[in-house]
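Written below as structure tokens is the structure these notes are about.
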Amino acid sequence: MWTRSVQELRIRSPAAHRLLRLCSFFAAGPISMIMIYSDEMVRLLMPYDMGLREKLLLGRGLREVR
């Protein structure tokens, strides 16, 4: 079931899928929202969704991951 959900996410929102993959390398503890909303994160996700040029739109990707 997990694999199918991840595949559907990749189709629906490639940037959210990439964000999930990037976050999977962190420990099980909380991930800093400062890092998530950083310029570097936006730069990493922009090739997957050019709409992320505006930082506020990053929230759309975060909602997809939850």
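The values are calculated or read from the model by the stated rules, or taken from the named source; none is laboratory data. Because the structure is predicted, anything quoted here is derived from the model rather than measured. Just so you know, the surface numbers come from the protein's heavy atoms only, side chains and all, with ligands and any DNA or RNA stripped out. Shrake-Rupley method; radii C 1.70, N 1.55, O 1.52, S 1.80 Å.
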Practice problem: Would you check the accessible area of R10, probe 1.4 Å, heavy atoms only, in square angstrom rounded to 10? | Solution: 120 Å²
Exercise. Whenever you get a sec, line up V6, V42 from highest to lowest accessible area (probe 1.4 Å, protein heavy atoms).
Key: V6, V42
